[in-house]
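Student: Could you have a look at this structure, given as C-alpha cells, before my questions?
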Amino acid sequence: EAQVTQNPRYLITVTGKKLTVTCSQNMNHEYMSWYRQDPGLGLRQIYYSMNVEVTDKGDVPEGYKVSRKEKRNFPLILESPSPNQTSLYFCASRLRGERNYNEQFFGPGTRLTVL
Amino acid sequence: AQSVTQLDSQVPVFEEAPVELRCNYSSSVSVYLFWYVQYPNQGLQLLLKYLSGSTLVKGINGFEAEFNKSQTSFHLRKPSVHISDTAEYFCAVTSPSNTGKLIFGQGTTLQVKP
C-alpha cells in the first residue's frame with residue numbers, strides 16, 4: 001500500500017530534550033516536506049526537500065533541522081524543543097514536476113507536546 | 001507572496017442541507033488550488049483540485065468547487081451534507097514558481113447536526 005508513515009504518532013517531552021520525528025514513504029517520491037498545524041493558522045511549511053541531500057527552509061524553520069540521506073526518509077529533528085513547538089506535525093511527499101502537484105500524500109500526523 | 005483566507009472558522013449545518021465553505025486567495029501569478037479534508041485524528045485527504053481548464057471541478061464525496069479568477073475565490077459546495085462530512089476543511093494554493101509548497105488557509109470546521 002502506497003503511504004507516508006510517521007513515528008511516533010504521539011509524543012510528550014520536556015523542554016530541551018532532543019527528539020526526532022521520522023517520516024518514510026514507499027512511493028519513490030523525490031519531493032518531501034514537513035508542515036506544522038496550529039489552531040487558527042492552518043498548516044505551515046517547516047522544511048522541504050527536492051531530492052536526496054537537497055533541503056531548504058519553508059516558512060517556519062526556526063528550531064528545526066532536517067536531513068535527507070535516503071530518498072524514502074525525511075526525519076524532522078528538534079535539537080532543543082520549546083513549548084512553542086507544541087503542535088501537530090505532518091509529513092508529505094509527491095513526485096517532482098508541475099503535473100504532480102495534485103498528488104501530494106500526507107502522513108497521519110504526529111502530535112507533539114513540549115512541557 | 002501568496003495567501004489564502006477561509007472566511008469562516010466554523011460552519012454548523014443540519015444534515016441534508018446544502019453547504020458552502022468559502023475560500024479566497026491572493027496571488028500575483030497563476031495558481032493551482034486545492035481543498036483538503038481532515039477527519040478527526042487523521043491526516044489530510046485531497047477532496048478536489050483546480051489546475052487548469054473547466055472552472056467547475058468535482059471531487060470525492062459529492063463535493064465540488066468553482067474557480068473564480070476575477071473574485072480570486074475557490075468556494076467549496078455540497079448540495080446535501082451527511083453526518084460523516086463533519087471534519088475540518090482546508091483550502092490551499094500553490095504555483096509553478098513556488099517549489100510546490102502548499103499555502104494553506106486557516107481551516108473551516110464543518111459541523112453537521114442531525
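The values are calculated or read from the model by the stated rules, or taken from the named source; none is laboratory data. If you're wondering where the values come from, they're calculated on a predicted model, not measured in any experiment. Cβ placement follows ideal geometry from the backbone for every residue including glycine, while neighbour counts extend to all protein chains displayed.
Student: Identify all residues within region A:56-66 that are surrounded by fewer than 18 Cβ atoms within 10 Å (Cβ to Cβ) and either in contact with a Leu (Cβ under 9 Å, 6 or more places away or on another chain) or not in a loop (DSSP other than H, G, I, E, B) (or both); write none if there are none.
Tutor: Answer for region A:56-66, where residues must be surrounded by fewer than 18 Cβ atoms within 10 Å (Cβ to Cβ) and either in contact with a Leu (Cβ under 9 Å, 6 or more places away or on another chain) or not in a loop (DSSP other than H, G, I, E, B) (or both): A:Asp56, A:Lys57, A:Gly63, A:Lys65.
Student: Tell me, which residue of region A:1-45 that is loosely packed, with under 12 Cβ neighbours inside 10 Å and more than 28 Å from A:Leu115 (Cβ to Cβ) is farthest from the chain's Cα centre (by Cα)?
Tutor: Filtering first and then ranking leaves A:Glu1.
Student: Look at region A:18-49 and say how many of its residues are out of contact with any Leu (no Cβ under 9 Å at 6 or more places or on another chain) and in contact (Cβ under 8 Å) with a residue 24 or more places away in the chain. Can you show your working first?
Tutor: First, the residues of region A:18-49 that are out of contact with any Leu (no Cβ under 9 Å at 6 or more places or on another chain): A:24-26, A:32, A:39-42, A:44, A:48-49.
Restricting the remaining residues to those that are in contact (Cβ under 8 Å) with a residue 24 or more places away in the chain gives A:24-26, A:32, A:49.
Result for region A:18-49: 5.
Student: Got a sec? Which strands (runs of 3 or more DSSP E) wholly within region B:1-58 have at least 2 residues that are at pLDDT 90 or above and within 11 Å of chain A (Cβ to nearest Cβ)?
Tutor: Working: elements: B:3-6, B:10-14, B:19-21, B:23-26, B:32-38, B:44-50, B:56-58.
It comes to B:3-6, B:32-38, B:44-50.
Student: Within region A:37-91, track down each residue that is small (Gly, Ala, Ser) and away from chain B (no Cβ under 11 Å).
Tutor: As a first pass, look at region A:37-91 and keep what is small (Gly, Ala, Ser): A:40, A:42, A:49, A:58, A:63, A:67, A:80, A:82, A:87.
Once the filter is applied, which keeps residues that are small (Gly, Ala, Ser) and away from chain B (no Cβ under 11 Å), region A:37-91 yields A:Gly63, A:Ser67, A:Ser80, A:Ser82, A:Ser87.
Student: Of the residues A:Thr113, A:Thr5, which single one is assigned to a strand (DSSP E or B), of a type in the set (Val, Ile, Thr) and in contact with a Gly (Cβ under 7 Å, 6 or more places away or on another chain)?
Tutor: Numbers: A:Thr113 fails: in contact with a Gly (Cβ under 7 Å, 6 or more places away or on another chain).
Going through A:Thr113, A:Thr5 in turn, just one is assigned to a strand (DSSP E or B), of a type in the set (Val, Ile, Thr) and in contact with a Gly (Cβ under 7 Å, 6 or more places away or on another chain): A:Thr5.
Student: Now, a different point. Among the residues of region A:8-36, which ones are part of a strand (DSSP E or B) and hydroxyl-bearing (Ser, Thr, Tyr)?
Tutor: If the condition is that a residue be part of a strand (DSSP E or B) and hydroxyl-bearing (Ser, Thr, Tyr), then A:Tyr10, A:Thr13, A:Thr20, A:Thr22, A:Ser24, A:Tyr31, A:Ser33, A:Tyr35 are the ones that fit.
Student: Just wondering, is there one or more residues in region B:61-75 that are of a type in the set (S, T, N, Q), within 11 Å of another protein chain (Cβ to nearest Cβ) and surrounded by 12 or more Cβ atoms within 10 Å (Cβ to Cβ)? Outline the logic, then answer.
Tutor: If we filter region B:61-75 for residues that are of a type in the set (S, T, N, Q), which is where we start, we get B:61, B:68, B:70-73.
Remaining after also requiring within 11 Å of another protein chain (Cβ to nearest Cβ): none.
Within region B:61-75, none of the residues are of a type in the set (S, T, N, Q), within 11 Å of another protein chain (Cβ to nearest Cβ) and surrounded by 12 or more Cβ atoms within 10 Å (Cβ to Cβ).
Student: Against the definition (more than 9 Å from every other protein chain (Cβ to nearest Cβ) and over 15 Å from the mean Cα position of the chain (by Cα)), how does B:Ser84 come out, yes or no? Don't jump to the end; show me each part of the working.
Tutor: Values: more than 9 Å from every other protein chain (Cβ to nearest Cβ): yes; over 15 Å from the mean Cα position of the chain (by Cα): yes.
Answer is yes for this residue.
Student: For residues that are more than 21 Å from B:Trp35 (Cβ to Cβ), of a type in the set (S, T, N, Q) and either crowded, with 16+ Cβ neighbours inside 10 Å or touching a Phe, Trp or Tyr at 6+ places or on another chain (Cβ under 6 Å) (or both), tally how many sit in region A:74-107.
Tutor: 3
Student: What number of residues within region B:69-87 satisfy the criterion of being part of a strand (DSSP E or B) and at pLDDT below 95? Can you show your working first?
Tutor: Taking region B:69-87 and keeping what is part of a strand (DSSP E or B), we get B:73-78, B:87.
Retained after the next criterion (residues that are at pLDDT below 95): none.
The qualifying residues number 0.
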